[in-house]
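The values are calculated or read from the model by the stated rules, or taken from the named source; none is laboratory data. Because the structure is predicted, anything quoted here is derived from the model rather than measured. Counting neighbours? That spans all protein chains shown, and the Cβs are built from the backbone with ideal geometry, glycine included. Heads up: the accessible areas ignore ligands, DNA and RNA and are worked out on the full protein's heavy atoms, side chains in. Shrake-Rupley method; radii C 1.70, N 1.55, O 1.52, S 1.80 Å.
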Amino acid sequence: MSDLKARVKQLASEFANDTVNIRQHIHANPELSFQEFQTSEFVKNTLKSYGLKAKNMAGTGLVVLLKGRNPEKKVIALRADLDALPIFEKNDVAYRSKNEGLMHACGHDVHTASLLGTARILSELQDDFEGTVKLIFQPGEEKFPGGASLMIKEGVLQNPAPEAILGQHVFPLLETGKVGFRSGMYMASADEIYVTVKGKGGHAAIPEMNIDPVIISAHILVALQQIVSRVASPKIPTVLSFGKVQANGATNVIPDEVKMEGTFRTMNEKWRAEAHVKMKKMAEEMAEAMGGSCEFTILKGYPFLQNEPNLTAKAREAAESYLGAENVVDLDLWLAAEDFAYYSQETAACFYRLGTRNESRGITSSVHTSTFDIDESALEIGSGLMAWLALEQLNNSN
Ligand SMILES: [Zn+2]
Ligand SMILES: [Zn+2]
């Protein structure tokens, strides 16, 4: 084993208890997106105790430069997110949320604690790498417009500009001890769709006097699926789902209007923009052809997340050398959205998953549930692995 790898493992293990305590402190004190005031202050002070000075960005976000030898040579960014969710925690644990109704149910406490562990490891190794590590603690991953987009707007990818960015996310489907990678498209863009179909309401027994928005909406709902099945390339994953359809008529009353809400997800920015235009045109013109009208509004969410193939291959190789090839798995496409995608639209990015499941201890709940938790031994792995990936990227690539 290389000396440096052994040193990273030793430091990760030495700091593991502290990293767990940090995670439990953050877990017990969750704050909502863009309101991570105490969390941000806590992270800043913890960094200070490692001799690192953080700068605020995008409100509660923090950026730290950790310099090695020849700091100008190359920069790599490592990212964590700070926010929690409006969920009432049902776990009966000592570190249960003290803020009723709020919970770290997406593991952002884990990401933050892990990145602090990574920072501490790297701060001990500043003579052992060339270049600069830029640590990014961003606010508001869970809430539009996404802390990542605000951090980018405020220049987090400039001065100095990282040539690559790494992010990790807990993954309760994967056993603790394992990590997962996927090259190329990984997570979806997610846009919200709001449709109002207008007709002319009246007595259900006299259709000739009405313009029925219910039937128009039914046609639109079915026709829009053609965008997915006949217009989208089968090589680009595309999902269109409407989870809310509201027509407030009665058995004998045709309503004036129908409202529908849905989500559109895909993995190609060009197709995404085309699909928006096609869906809107189809819905509006169909309604018009049937004598009604349609307002079709799209709220653009996060873009799709692309893992840059070269960087991902290198990171995966480094992970195999750190954890053993048997502990590094291939990830499937994942149609959820994640604001790390904004970084992946700007620079070479790799977003990988950290196994946090422990079946024998009953730790299996998925993220965004009131019983989500992790096997905390994942923290030693997460903090050490990210330090190792950064070191390998800085020391070995040209
Ligand atoms: Zn989440
Ligand atoms: Zn998350």
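Kindly provide the set of residues from region 343-374 that are away from ligand 1 (no atom under 15 Å from the Cβ) and under 25 Å from residue 263 (Cα atoms), ordered by number.
Across region 343-374, the qualifying residues are 343, 344, 345, 346, 352.
Residues being closer than 25 Å to residue 391 by Cα, touching a His at 6+ places or on another chain (Cβ under 9 Å) and of a type in the set (Asp, Glu): count how many of those fall in region 51-108.
Result for region 51-108: 1.
Residue-wise test of (1) more than 19 Å from the chain's Cα centre (by Cα); (2) within 16 Å of residue 185 (Cα to Cα).
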residue: 298; (1), (2): yes, no
residue: 313; (1), (2): yes, yes
residue: 326; (1), (2): yes, no
residue: 334; (1), (2): no, yes
residue: 338; (1), (2): no, yes
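If you take the residues in region 366-384 that are open to solvent by less than 30 Å² (accessible area, probe 1.4 Å) and within 20 Å of the chain's Cα centre (by Cα), which one is farthest from residue 166 (Cα to Cα)?
We begin by selecting, within region 366-384, every residue open to solvent by less than 30 Å² (accessible area, probe 1.4 Å); these are 370, 372-375, 378-379, 382-384.
Filter once more, so that each one left must be within 20 Å of the chain's Cα centre (by Cα): 370, 372-374, 378-379, 382-383.
Working: 370: 28, 372: 24, 373: 23, 374: 21, 378: 17, 379: 16, 382: 12, 383: 12 Å.
Only one residue fits best here, namely 370.
Within the group 227, 254, 216, which residue is closer than 22 Å to residue 289 by Cβ, in contact (Cβ under 8 Å) with a residue 60 or more places away in the chain and out of contact with any Ser or Thr (no Cβ under 7 Å at 6 or more places or on another chain)?
Of 227, 254, 216, the one residue that is closer than 22 Å to residue 289 by Cβ, in contact (Cβ under 8 Å) with a residue 60 or more places away in the chain and out of contact with any Ser or Thr (no Cβ under 7 Å at 6 or more places or on another chain) is 216.
Quick one: residue 91 ticks every box in (1) touching a helix residue (DSSP H, G or I) at 6+ places or on another chain (Cβ under 8 Å); (2) on the phi < 0 side of the Ramachandran plot; (3) surrounded by fewer than 23 Cβ atoms within 10 Å (Cβ to Cβ) except a single one, so which number is it?
With (1) touching a helix residue (DSSP H, G or I) at 6+ places or on another chain (Cβ under 8 Å); (2) on the phi < 0 side of the Ramachandran plot; (3) surrounded by fewer than 23 Cβ atoms within 10 Å (Cβ to Cβ) applied to residue 91, the lone miss is (1).
Filtering region 229-239 down to residues that are closer than 10 Å to residue 266 by Cα and among the hydrophobic types (A, V, I, L, M, F, W, C), which residue is least open to solvent (accessible area, probe 1.4 Å)?
Across region 229-239, the extreme among qualifying residues is 232.
Report, by residue number, each residue of region 92-128 that is within 15 Å of ligand 1 (Cβ to nearest atom), within 13 Å of residue 382 (Cα to Cα) and of a type outside the set (Val, Ile, Thr).
107, 108, 109, 111
Which condition breaks for residue 59 when tested against (1) open to solvent by less than 10 Å² (accessible area, probe 1.4 Å); (2) in contact (Cβ under 8 Å) with a residue 60 or more places away in the chain?
All conditions are met except number (1).
Test residue 81 against the stated conditions and say whether it is under 21 Å from the mean Cα position of the chain (by Cα), of a type in the set (Asp, Glu), modelled with pLDDT of 95 or more and under 26 Å from residue 129 (Cβ atoms).
Details: under 21 Å from the mean Cα position of the chain (by Cα): yes; of a type in the set (Asp, Glu): yes; modelled with pLDDT of 95 or more: yes; under 26 Å from residue 129 (Cβ atoms): yes.
In short, yes.
Quick one: in region 37-56, which of the residues that are over 19 Å from residue 156 (Cα atoms) and hydroxyl-bearing (Ser, Thr, Tyr) is surrounded by the most Cβ atoms within 10 Å (Cβ to Cβ)?
Filtering region 37-56 for residues that are over 19 Å from residue 156 (Cα atoms) and hydroxyl-bearing (Ser, Thr, Tyr), the one surrounded by the most Cβ atoms within 10 Å (Cβ to Cβ) comes out as 39.
For region 277-325, how many residues meet the condition of being among the basic types (Lys, Arg) and either open to solvent by less than 70 Å² (accessible area, probe 1.4 Å) or more than 24 Å from residue 256 (Cβ to Cβ) (or both)? Break it down into steps so the answer makes sense when it comes.
The first filter runs over region 277-325 and keeps only residues among the basic types (Lys, Arg), leaving 278, 280-281, 300, 314, 316.
Retained after the next criterion (residues that are either open to solvent by less than 70 Å² (accessible area, probe 1.4 Å) or more than 24 Å from residue 256 (Cβ to Cβ) (or both)): 278, 300, 314, 316.
Residues in region 277-325 being among the basic types (Lys, Arg) and either open to solvent by less than 70 Å² (accessible area, probe 1.4 Å) or more than 24 Å from residue 256 (Cβ to Cβ) (or both): 4 in total.
Regarding region 9-24, can at least one residue be identified that is closer than 13 Å to residue 109 by Cβ, open to solvent by less than 10 Å² (accessible area, probe 1.4 Å) and either in contact with a helix residue (DSSP H, G or I) (Cβ under 6 Å, 6 or more places away or on another chain) or modelled with pLDDT under 95 (or both)?
Within region 9-24, one or more residues are closer than 13 Å to residue 109 by Cβ, open to solvent by less than 10 Å² (accessible area, probe 1.4 Å) and either in contact with a helix residue (DSSP H, G or I) (Cβ under 6 Å, 6 or more places away or on another chain) or modelled with pLDDT under 95 (or both).
Picking from 201, 147, 167, 180, which residue would you name as being open to solvent by 10 Å² or more (accessible area, probe 1.4 Å) and at pLDDT 95 or above? Before you say what the answer is, go through the steps one by one.
Working: 147 fails: open to solvent by 10 Å² or more (accessible area, probe 1.4 Å); 167 fails: open to solvent by 10 Å² or more (accessible area, probe 1.4 Å); 180 fails: open to solvent by 10 Å² or more (accessible area, probe 1.4 Å).
On inspection, the qualifying residue turns out to be 201.
Examine region 154-167 for a residue that is part of a strand (DSSP E or B) and within 16 Å of ligand 1 (Cβ to nearest atom), and state whether such a residue exists.
Yes - at least one qualifying residue is present in region 154-167.
For residue 34, state whether it is aromatic (Phe, Trp, Tyr), open to solvent by 20 Å² or more (accessible area, probe 1.4 Å), outside any loop (DSSP other than H, G, I, E, B) and under 26 Å from residue 102 (Cβ atoms).
no
Kindly check whether there is at least one residue in region 15-26 that is over 29 Å from residue 394 (Cα atoms) and not in a helix (DSSP H, G or I). Before the answer, list the steps.
We begin by selecting, within region 15-26, every residue over 29 Å from residue 394 (Cα atoms); these are 21, 24-26.
Imposing the further condition that a residue be not in a helix (DSSP H, G or I) reduces the set to none.
Within region 15-26, not a single residue is over 29 Å from residue 394 (Cα atoms) and not in a helix (DSSP H, G or I).
In region 326-365, which residues are among the aromatic types (Phe, Trp, Tyr), under 28 Å from residue 89 (Cα atoms) and open to solvent by 20 Å² or more (accessible area, probe 1.4 Å)?
Matches in region 326-365: 334 only.
Can you tell me which residue is farthest from ligand 1 (Cβ to nearest atom) among those in region 129-144 that are open to solvent by less than 10 Å² (accessible area, probe 1.4 Å) and assigned to a strand (DSSP E or B)?
Among those residues, the one meeting the criterion is 132.
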